[in-house]
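K.L.:
There's a structure below that I have some questions on.
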Amino acid sequence: TSFRLFALGENRTAKGTFKLDEAGMASIMATYRDQGNDLAIDYEHQTFAAAENGKPAPAAGWFAPEARADGLWAVNVRWAPDGERRLREKTQRYISPAFTVDSETGRVLELYNVAICAMPATYGARPLVAATRAQLTDAHRYSPRPAPPRNSSRRGAMCLPNRRAASARGSCAGAADR
């Protein structure tokens, strides 16, 4: 399975408009290659709230990012059984990437993970649909396990201000799937 995370160009959200361009995609892909790990899909950005609220942050699934001509995609998506169930029951139908932006330009620079959520910040977001049972084999599933905690200065936000930017107090936003 695959789904688009950001359209190439402007991505409008309730928290601002964010731009994905070739340079942003190259930055995301370089970080992904350097880290060498699939990225987690969590629930409602709990990975960033776990340290504060004390609740677990299990993974709903895992994916690899892929740069395409029309934007950034999540590919080779593998759902944990609970993530698959929530999509099938439509309790959480949308995605919301956690990312950093350049606070001056709004350019997307880094992707941390993706959450499945009930209310996306992205305007015109498309709901995900669960694959049929025949498409979900054991090879496409992972057992749920907690995602690693992030630096506490980055928790609790869907879009994280770029700490390297000259003006590091940029606005934050959510998913950009259109």
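K.L.:
What accessible area per residue comes out for segment 35-96, rounded to a whole number of Å², with a 1.4 Å probe?
P.N.:
Using a 1.4 Å probe on heavy atoms only, each residue of segment 35-96 averages 43 Å².
K.L.:
To the nearest 20 Debye, how big is the dipole of segment 1-133 about its Cα centre, given +1 on the beta carbon of each Lys and Arg and -1 on that of each Asp and Glu?
P.N.:
In total the dipole reaches around 620 debye.
K.L.:
Related question: Go through Ala80, Trp62, Ala49 and say which Cα lies farthest out towards the positive end of the charge dipole of segment 44-90; charges sit on Cβ, +1 for Lys and Arg, -1 for Asp and Glu.
P.N.:
Result: Ala80.
K.L.:
Work out how much length Asp82 to Gln35 would gain on full extension: take 0.36 nm times their residue separation and subtract the Cα-Cα distance, in nm to one decimal.
P.N.:
Between Asp82 and Gln35, full extension yields 14.3 nm more.
K.L.:
Please list Thr105, Thr31, Thr122 from largest to smallest accessible area, probe radius 1.4 Å, with all protein chains kept in place.
P.N.:
Correct descending sequence by accessible area is Thr105, Thr31, Thr122.
K.L.:
Could you compute the FRET efficiency for Glu104 and Ala14, with r as their C-beta to C-beta distance and R0 at 22 Å, rounded to 0.05?
P.N.:
It comes out at approximately 0.60.
K.L.:
Compare Met29, Met119 by solvent-accessible area with a 1.4 Å probe and give them largest first, with all protein chains kept in place.
P.N.:
Met119, Met29
The values are calculated or read from the model by the stated rules, or taken from the named source; none is laboratory data. Note that the structure is predicted; figures quoted are calculated from it, not measured. In this analysis, Cβ positions are derived from the backbone assuming ideal geometry, glycine residues included, and neighbour counts consider all displayed protein chains. Remember, those area values only see protein heavy atoms, side chains included, never the ligands or the DNA or RNA. Shrake-Rupley method; radii C 1.70, N 1.55, O 1.52, S 1.80 Å.
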